[in-house]
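Accompanying notes for the structure given below.
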Amino acid sequence: MMKIFKTQRALKEHLSSIEEELVVGFAPTMGSLHEGHLSLIRESKKRCDIVVCSIFVNPTQFNVVSDFENYPKDYFEDIELLKSAGCDVLFLPNDVDEVYKNEKKVSLDLGNIINVLEGEHRPGHFDGVMRVVKLLFDIVQPDKAFFGLKDFQQFLVIQKMAKVLNMEIEVLGCDIVREENGLAMSSRNKRLSNTELKNALVLQKALNHCKNNFGKMGLQDLQAECFGILQKESEPEYFEICDAESLSPITEVSEPQKIRAFTATSIGEIRLIDNMEIV
Ligand code: AMP
């Protein structure tokens, strides 16, 4: 039976009754769950004894108010999905204050990785993400935390935050779950019309083009071609080819180096992000 807690206090009380040697896994979410989220729960189930999930639409990470207001919130279905995936504990706070009320703010400088890509295009976004994840980590105190590589930069930011704050939490990244046609699953896809859903395939098209042509042409030309592909069906913000650790755009390829491509583009009103391992 999955237990649901609405207050920090009740959740902490329950978690403190769990035996020390049991491994607690945690996956924070903003609800409107799909297979991408459930893959985190399943991975946590494989590696941990107790699986904790949270559903909280965090206002401080939205830099556009309408995006926050329109964020889908259908928790009834979410609860059923979590039960079926084997989640043991759900933290479902009723309001924002329930999460933020005891916040002790820390200022963190994680360097380049929070200033590029999403950090550059969504000012304040990662400050909000770090605030809420730190609060949730302090409440849940998990041994392992599971994040999707769909938000690759967020995964790196949280991994670094946990390290800098000496939190004893292993931050693990889980593969991107895609629809059969390649579209990365996202709660925002629910807001796309049928035509927009077709147009959204352009992200996958651009990323595949990058992977298939990497090394066969100059990097700037390749980046421009991928941006051009995005422009045909959407309004791109960026298409960047970056070092997968520092997230700095690469200017030349040196061995050994892991490289990933990152993109953000809008289909109508909806802003989508995706990324792909290139080498
Ligand atoms: P969100 O509810 O969008 O904040 O996402 C909660 C967690 O689910 C984050 O760690 C995301 O990276 C992860 N996630 C969302 N979509 C996917 C996906 N398509 N594949 C894998 N992980 C995902």
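Worth a mention:
- Using a simple spin-label model with pseudo-atoms 7 Å out from Cα toward Cβ, Glu21 and Tyr100 lie 4.2 nm apart.
- With K and R counted +1 and D and E -1, the other residues having a Cβ less than 13 Å from that of Val89 yield a net charge of +2.
- Protection-proxy order for peptides 77-83, 40-46, 118-124, each taking the mean of Cβ atoms within 10 Å per residue, highest first: 40-46, 77-83, 118-124
- 222 nm mean residue ellipticity, helices alone, for the chain (DSSP H n ≥ 4; -39,500 (n - 2.57); rounded to 500): -11500 deg cm²/dmol
- Distance in nm between pseudo-label sites at Asp109 and Asn70 (7 Å out along the Cβ direction from Cα): 3.8
- Put simply, the amide H of Ile278, placed in the peptide plane, has neighbours under 5 Å in Ile259, Arg260, Ala261, leaving out anything fewer than 5 places away on its chain.
- Fluctuation leader among Asn181, Asn208, Asn63 - the chain, Gaussian network, Cα springs under 10 angstrom: Asn181
- Virtual spin-label span in nm between Glu269 and Lys45, 7 Å along Cα→Cβ: 3.5
- Region 202-279 and region 90-163: distance between their alpha carbon centers, rounded to Å: 25
- By the rule of a C-alpha distance below 20 Å, with chain neighbours fewer than 8 residues away ignored, the aspartates and glutamates paired with Lys6 are Asp74, Glu77, Asp78, Glu80, Asp88, Asp95, Asp97, Glu98, Glu103, Asp138.
- Cα shape, region 170-279, gyration tensor, a/c 1.5 rule: oblate
- Relative contact order, whole percent, for the chain stands at 18, derived from Cα pairs under 8 Å and 6 or more residues apart.
- Unsatisfied cross-links (Cα-Cα over 32 Å) in the set Lys45/Lys216; Lys12/Lys105; Lys3/Lys101; Lys3/Lys198; Lys163/Lys198: Lys45/Lys216; Lys3/Lys198; Lys163/Lys198
No lab work stands behind these numbers, since they all come straight from the coordinates. Computed from a prediction, not measured in an experiment: that's the story for all the values here. A quick note on method: Cβ atoms are made from the backbone with ideal geometry, for glycine too, and the neighbour counts reach across all protein chains shown.
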